[in-house]
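**Q** Questions regarding the structure given below will be posed in turn.
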Amino acid sequence: MALALTEDFSHFERYGVIMPPEDKDAALFPHRIGDYWALIHRPVSAPGAHMWLSYSPDLRHWGSHKLMLAARQGGWWDANKIGLSPPPIETPQGWLVIYHGVRQTAAGAIYRLGLALFDLRTPEHCLKRGDEWIFGPEERYEQRGDVGNVVFPCGYTVAPDGDTIHLYYGAADTSIALATGSVRAMLEWLEQH
């Protein structure tokens, strides 16, 4: 995993590799946590496919690696592997994380999305995790394509109202789609599930 910084998307300061090459599903928090930058990522070489959190004083040297969220065991929707989808969303209740979970079935893998909420000051501390998935492949273009049964968000925008979210996602590795929702409704759903 490599890092580059930009202020204008024309000129870049390339930091280079910051984590071993077999690492994916990563995003920086939008600001420092205390004195450190924080990065959510999924090391491929680590046992299991779990979400990890690492800290850095300077964006170059990373350490204090902590398991943030583990893939569940058994028949859960997120039993085989999990990973971050878009970057975490800062809310008054905590860091809202939309993550993907993969379940292997006899017909192949199914990628679905779930929610978890983490402490604002110690984001490795999970406050809530939904038992159910909130978004899965339902439409034909999400079920059939290069890799079927996949919805995989990569980014979002939050409207000026601070609540409306536009979630951009890949569907079956063939098309890009947009889902619109509410940050407040996601937090309420997480409270109930």
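The values are calculated or read from the model by the stated rules, or taken from the named source; none is laboratory data. Computed from a predicted structure; not experimentally measured. Cβ coordinates were reconstructed from backbone atoms using ideal geometry, including for glycine residues, and neighbour counts include every protein chain displayed.
**Q** Of everything in the range 60-96, what is of a type in the set (Ser, Thr, Tyr) and either over 17 Å from residue 41 (Cβ atoms) or in contact with a Gly (Cβ under 8 Å, 6 or more places away or on another chain) (or both)? Give them in sequence order.
**A** 91 - this is the single residue of the range 60-96 that is of a type in the set (Ser, Thr, Tyr) and either over 17 Å from residue 41 (Cβ atoms) or in contact with a Gly (Cβ under 8 Å, 6 or more places away or on another chain) (or both).
**Q** Can I ask one more? Can you tell me which residues in the range 59-90 are of a type in the set (S, T, N, Q) and within 24 Å of residue 136 (Cα to Cα)?
**A** 73, 80, 85, listed by residue number.
**Q** Step by step: first the residues of the range 141-182, then only those that are more than 19 Å from the chain's Cα centre (by Cα) and among the aliphatic types (A, V, I, L, M), then the one that is modelled with the lowest pLDDT. Which residue is that?
**A** Looking at residues that are more than 19 Å from the chain's Cα centre (by Cα) and among the aliphatic types (A, V, I, L, M), I get 147.
Condition check ((1) surrounded by fewer than 14 Cβ atoms within 10 Å (Cβ to Cβ); (2) in a strand (DSSP E or B); (3) under 14 Å from the mean Cα position of the chain (by Cα)) across all residues:
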{"position": "3", "(1), (2), (3)": "no, yes, no"}
{"position": "9", "(1), (2), (3)": "yes, no, no"}
{"position": "25", "(1), (2), (3)": "no, yes, yes"}
{"position": "37", "(1), (2), (3)": "no, yes, no"}
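**Q** Only one of 113, 84 is buried (at least 22 other Cβ atoms within 10 Å of the Cβ), farther than 16 Å from residue 187 by Cα, at pLDDT 90 or above and not aromatic (Phe, Trp, Tyr); which?
**A** 84
**Q** Go through (1) touching a Leu at 6+ places or on another chain (Cβ under 9 Å); (2) among the small types (Gly, Ala, Ser); (3) surrounded by 14 or more Cβ atoms within 10 Å (Cβ to Cβ); (4) within 14 Å of residue 85 (Cα to Cα) for residue 170 and report which single condition fails.
**A** (1)
**Q** Whether any residue in the range 51-73 is in a strand (DSSP E or B), touching a Cys at 6+ places or on another chain (Cβ under 8 Å), buried (at least 18 other Cβ atoms within 10 Å of the Cβ) and hydrophobic (A, V, I, L, M, F, W, C) is what I want to check.
**A** yes
**Q** Let me ask another. What single numbered condition from (1) surrounded by fewer than 16 Cβ atoms within 10 Å (Cβ to Cβ); (2) modelled with pLDDT under 95; (3) under 28 Å from residue 74 (Cβ atoms); (4) not hydroxyl-bearing (Ser, Thr, Tyr) fails to hold for residue 103?
**A** Going through the list (1) surrounded by fewer than 16 Cβ atoms within 10 Å (Cβ to Cβ); (2) modelled with pLDDT under 95; (3) under 28 Å from residue 74 (Cβ atoms); (4) not hydroxyl-bearing (Ser, Thr, Tyr), residue 103 breaks only (1).
**Q** Give all pairs with beta carbons closer than 6 Å in which a residue from the range 165-187 that is touching a residue at least 12 places away in the same chain (Cβ under 8 Å) meets a residue that is assigned to a helix (DSSP H, G or I) and of a type in the set (A, V, I, L, M); count only pairs at least 6 apart in sequence or on separate chains.
**A** So the pair list comes out as 165/183.
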